[in-house]
Amino acid sequence: MSELRRDPIGGRWVIVDTDHPNKPEDYEHESHGWRGGTCPFCYGSESLTPPEIEAIRNPHTSPNTPGWQVRVVANKFPALQIEGDLDRRGLGIYDMSNGVGAHEVLIETPYHEKDIPDLLNPEIENIISMLCRRALDLIKDKRFKYIMIFKNYGPAAGASLEHPHTQMIALPMVPKSVMEEIKGAHNYFEFRERCIFCDMLRQEIQDRERVIIENKDFLSFCPFVSRFPFEVWIIPKKHSGYFCHMPAEEIPALAMILKETISKIKKVFANPAYNFIIHTSPINGDGASEGYHWHIEIMPKLTRIAGFEWGSGFYVVPTPPELAAKYLREMSQSSAKVT
Ligand SMILES: [Zn+2]
Ligand SMILES: [Zn+2]
Ligand SMILES: [Zn+2]
């Protein structure tokens, strides 16, 4: 018999195949090679991108030239445009707004073929601190209510450029999936006067069954109600609603756990496409909740969303999270480089 599990935050049910669980080799995921060619994110191609917004650079190098370690530019084909006033209006029964927002791209490294597991810890720390800096800057714009940070790695995960990069979209409203988590967390907080994420963290640390890595400041684990096989969450141990308010002294621990977690995923599956997103509290006074706790969700792209999921919102998870965590935990980080 399979198992139904209910997410205590969003209320979603999932179906976990506990009877005939998939092993990693049962997934036919698309691994991908490197196409090469002219890349706008490599050294020497700086003029092919919109001008630099911010960068971490070697001394005596000028903007829009080589010599950077992390570089942020506007997206050349933005989903939303920075100019203009927010004009939200009704159209009969429909609500609409003009496409105001910001869409930035953080180029993670000058090296075309280096993903997070191939970088040195201080290089990953640069990425994290730059994401925080950009988020803090975008928050100043009162039109924005949410900053979504995400990464698409590999064509199957939606990456159109193969050079590793993370994107940031500042939105004029709070996205639905975040709102659902916030409402769920808020209800729990009203009822128990505790943060559901803090409670989840405590229980996972106690159970250990779904834990992949734990360090001083962060925990990485496969959630009990995973929606996707080998879904992983990374969560700060200290309660905090905002990713960008992370204390500087916690950044090395996050860099370390992010690198180790993604290395393990890339060892279990040969260079899989994956997405990661950062869920953090809304900004500028819309929908913030004291019971919300920021976290990272990582999803290797192993399955496709099919009719049942689409129609019902039920996800079918072919590998129980307990088993996924075991595979990931037991994978040593050492020979992590898979290309
Ligand atoms: Zn490149
Ligand atoms: Zn919390
Ligand atoms: Zn979330």
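The values are calculated or read from the model by the stated rules, or taken from the named source; none is laboratory data. Just so it is clear, the model here is predicted, and its values are computed rather than measured. Don't worry about glycine lacking a Cβ; one is built from the backbone with ideal geometry, like all the others, and counts go over all protein chains shown. All accessible areas refer to the heavy atoms of the entire protein, side chains included, with ligands and DNA or RNA removed. Shrake-Rupley method; radii C 1.70, N 1.55, O 1.52, S 1.80 Å.
Summing Cβ point charges (Lys, Arg +1; Asp, Glu -1) relative to the Cα centre of the chain gives a dipole of roughly 160 debye.
Give me D for region 8-164 in µm² s⁻¹, whole number, from Stokes-Einstein with Rh from the Kirkwood sum over alpha-carbon pairs, 10 °C and 1.306 mPa s. The partial results should precede the final answer.
On the way: Rh = 18.8 Å.
The diffusion coefficient I find is 84 µm²/s.
Rounded to whole numbers, the Karplus 3J(HN,Hα) couplings from phi for region 154-161 are x, x, 5, 9, x, 6, 8, 10 Hz, using 6.51 cos²θ - 1.76 cosθ + 1.60 with θ = phi - 60°, and x at Gly and Pro.
Across the alpha-carbon atoms of region 62-152, the computed radius of gyration and Dmax are 16.6, 54 angstrom.
Placing R0 at 22 angstrom, the Cβ-Cβ distance between His60 and Leu136 gives a FRET efficiency of 0.25 after rounding to 0.05. Protection proxy ranking of 77-86, 205-214, by the mean of other Cβ atoms within 10 Å over each peptide's residues and highest first, is 205-214, 77-86. Which of Met331, Asn187, Phe243 sits farthest toward the positive end of the charge dipole of the chain, with +1 on the Cβ of Lys and Arg and -1 on the Cβ of Asp and Glu? Going by the charge dipole, the pick is Phe243. Across region 128-278, the volume of the C-alpha convex hull divided among the residues equals 138 Å³ per residue.
Looking at the chain, the accessible area is 47 square angstrom per residue; that uses a 1.4 Å probe and ignores ligands, DNA and RNA.
Rg over Rh for region 228-296 works out to 1.03, using Cα positions for both radii and the Kirkwood form for Rh.
Residues in region 145-152 carry Karplus couplings, in order, of 10, 8, 10, 9, 10, 8, 10, 10 Hz; the curve used is 6.51 cos²θ - 1.76 cosθ + 1.60 with θ = phi - 60°, and Gly or Pro positions show x. Over the chain, the reciprocal of the mean inverse Cα-Cα separation, the Kirkwood hydrodynamic radius, stands at 21.0 Å. Among the listed pairs Lys183/Lys238; Lys114/Lys145; Lys76/Lys237; Lys114/Lys301, a Cα-Cα separation exceeding 25 Å is found for Lys114/Lys145; Lys76/Lys237.
Summing Cβ point charges (Lys, Arg +1; Asp, Glu -1) relative to the Cα centre of region 84-134 gives a dipole of roughly 300 debye. Beta bridges assigned by DSSP with both partners in the chain are antiparallel in approximately 95 percent of cases. Computed about its Cα centre, the charge dipole of region 11-94 is approximately 360 debye, with only Lys, Arg, Asp and Glu carrying charge at their Cβ.
The helix-only estimate of mean residue ellipticity at 222 nm for the chain, built from DSSP H runs of length n ≥ 4 each weighted as -39500 (n - 2.57), is -8000 deg cm²/dmol after division by the residue total. When peptides 128-138, 272-282, 56-66 are ranked by their average number of other Cβ atoms within 10 Å per residue, the highest-first order is 272-282, 128-138, 56-66. With each label modelled as a point 7 angstrom along the Cα→C-beta vector, the Gln203-Asn187 pair spans 1.5 nm. A full extension of the chain between Lys23 and Arg88 corresponds to an added length of 18.6 nm, given 0.36 nm per residue minus the alpha carbon distance.
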